[in-house]
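Worksheet for the structure shown next.
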Amino acid sequence: MSDMLVKLYALPDVTPLSADLNERGVEIRQAQPSEKRIVAEWVRQHFTESAAAECEAAIEQRPISCFIAVEKQAGGPPRAKLYDLPPEMLLGFACYDVVSRGMFGPEGVRADRRGQGIGKALLLTCLHAMKTERYAYAVIGWAGPTEFYAEAVGATLIEGSEPGIYRGPLIGKPISLNKE
Ligand SMILES: CC(C)(COP(=O)(O)OP(=O)(O)OC[C@H]1O[C@@H](n2cnc3c(N)ncnc32)[C@H](O)[C@@H]1OP(=O)(O)O)[C@@H](O)C(=O)NCCC(=O)NCCS
């Protein structure tokens, strides 16, 4: 799959989409250091081991370059800690500056919550963060759904970028999966 180029100086505003999602109880926010293992495990279960490792790397960076989509859970179990704030359910994630500086990805939305604007909001939030960090362009790495990126942010295919910076899989298993 090819990479795609995005002009960060011509990005659509994310505010209307974020406001619409907020009204439906969904929030896009930066992941927190304390959430690193939970986010990584969720990404491993719903997507891939490599995407999980990339999320961990993104959450370890400063500024944190992993954003997540969460839904506040009404009527969750009472909690004695964290000021009784409602628990939040993960719906999606997106990272940047992980595989290479200036690159967006990986990204994913829970299968049963796709088509609700969450993927676009995660994408736009990351790209606006990159713009704030003074990038002029972003590269969508190994862009799978090219139509989604073209329509959402005007991304264009980079000629001759396949396989680009990516390598074949490294043979072996992460420690956490060795016991299986
Ligand atoms: C790609 C992905 C993140 C999109 O998330 P999503 O929440 O479903 O996307 P949205 O609801 O924000 O879609 C925004 C628009 O893009 C369109 N769109 C979504 N996925 C699309 C796809 N695969 N191909 C073409 N258009 C797509 C939607 O129809 C919507 O159009 P609209 O604004 O006219 O209604 C999600 O499908 C996913 O997790 N896929 C599996 C993992 C993946 O491929 N990640 C990308 C790796 S590079």
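The values are calculated or read from the model by the stated rules, or taken from the named source; none is laboratory data. The shown structure was predicted, so the numbers you read here are calculated from the model rather than taken from an experiment. Counting neighbours? That spans all protein chains shown, and the Cβs are built from the backbone with ideal geometry, glycine included. Only protein heavy atoms, including side chains, enter the accessible area calculation; ligands, DNA and RNA are left aside. Shrake-Rupley method; radii C 1.70, N 1.55, O 1.52, S 1.80 Å.
Some observations on this one:
- Apportionment of accessible area to carbon and sulfur, the chain, percent (1.4 Å): 55
- Most mobile listed residue (M130, M89, M103) in the chain, GNM with C-alpha springs under 10 Å: M89
- Segment N22-R167, length gained on full extension (0.36 nm per residue, minus Cα span): 48.4 nm
- Cβ crowding within 10 Å averaged over residues, with 148-159, 13-24 ranked highest first: 148-159, 13-24
- The Cα atoms of the chain define a convex hull whose projected area, averaged across directions, is 12.0 nm².
- Peptide packing: for 26-34, 161-169, the average count of neighbouring Cβ atoms within 10 Å per residue gives the ranking 26-34, 161-169, highest mean first.
- Accessible surface, per residue, of the range 36-180 when the full set of protein chains is kept, probe 1.4 Å, Å²: 60
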